[in-house]
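First comes the structure, then the notes that go with it.
The values are calculated or read from the model by the stated rules, or taken from the named source; none is laboratory data. Since the model is a prediction, treat every value here as computed from it, not as a measurement. Note that each Cβ is placed from the backbone with ideal geometry, even for glycine, and that neighbours are counted across all protein chains shown.
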């Protein structure tokens with residue numbers, strides 16, 4: 001004897017006019033957001049295609065081996081970005097050496113050791129506010145303190161002043177990113193280490209920090225990539241528009257890659273425009289390389305974490 005199962009009965013839920021109106025409004029806003037995303041992607045794609053078409057003809061080995069010899073060479077498209085690339089690498093190195101230890105150390109103290117009192121809350125609020133300050137304000141700070149106050153005998157308009165200015169710019173971002181990474185580590189990991197007799201520093205150094213390293217590295221490298229593309233702070237803090245010599249020490253004058261691109265964009269000659277577009281391609285390549293390094297380091301660090 002076979003049994004025949006009855007088909008499932010569909011129950012139609014009653015729909016009110018208010019629910020239908022909400023669905024309609026939600027669909028309209030979804031369409032608006034999709035249109036805004038598509039528009040932004042089209043604008044970005046148009047800019048990238050235009051830059052690539054305009055600058056691909058100027059991409060050659062001379063772009064990385066030649067210097068800004070004269071203004072006429074820039075207008076003829078015969079100059080190179082060697083000075084700008086080396087200056088940018090110097091700035092990123094100085095900024096990283098200054099901001100990474102200070103930023104990670106401040107994040108560890110605020111998240112693991114600082115007591116919950118009014119002073120800690122004031123510091124935390126100021127760190128959050130500093131991350132949203134316009135970059136040109138940091139340039140004015142570098143100009144007023146590092147360049148003018150200390151004078152040419154100490155820092156002056158050198159790579160030291162520009163690198164420390166960029167380090168101050170990315171310092172709040174590194175602190176906040178490191179704090180979020182440390183906060184994501186489960187409390188049970190700390191409690192287990194304390195139960196086995198570990199000291200607070202041993203818990204932080206051997207357990208919490210390795211577990212949060214993927215987030216710390218990601219935030220740090222993304223902050224450094226931001227420093228690589230900044231123009232306003234270093235321009236205000238003393239970077240020169242035209243430097244023919246390649247800097248060989250932190251005390252030398254400098255002209256980073258974004259400023260050299262900015263200088264070439266202000267010239268009316270078509271060769272200068274192509275030269276500037278090629279510099280933008282080089283800068284985007286460096287930024288993409290830093291982002292890829294951040295992704296690789298994050299993946300390698302996350303594989304070592306076993307909860």
Of the residues 161, 177, which is surrounded by 18 or more Cβ atoms within 10 Å (Cβ to Cβ), over 24 Å from residue 235 (Cβ atoms), in contact (Cβ under 8 Å) with a residue 24 or more places away in the chain and under 21 Å from the mean Cα position of the chain (by Cα)?
177
Listed by first then second residue, the pairs whose first member lies in segment 233-258 and is at positive phi, whose partner is surrounded by fewer than 20 Cβ atoms within 10 Å (Cβ to Cβ) and assigned to a helix (DSSP H, G or I), with beta carbons under 9 Å and at least 6 positions apart or on separate chains, are 238/143
Which members of segment 225-252 meet the condition of being in a helix (DSSP H, G or I) and either outside the structural domain of residue 98 (by TED's automatic domain parsing) or surrounded by fewer than 23 Cβ atoms within 10 Å (Cβ to Cβ) (or both)?
225, 226, 228, 229, 232, 235, 236
Inspect all residues belonging to segment 266-281 and state whether any of them is under 25 Å from residue 212 (Cβ atoms), modelled with pLDDT of 75 or more and surrounded by 14 or more Cβ atoms within 10 Å (Cβ to Cβ).
no
Suppose we filter segment 254-306 for residues that are closer than 22 Å to residue 237 by Cβ and assigned to a loop (DSSP other than H, G, I, E, B); how many remain?
4
What is the number of the single condition among (1) under 17 Å from residue 227 (Cβ atoms); (2) in contact (Cβ under 8 Å) with a residue 24 or more places away in the chain that residue 111 does not meet?
(1)
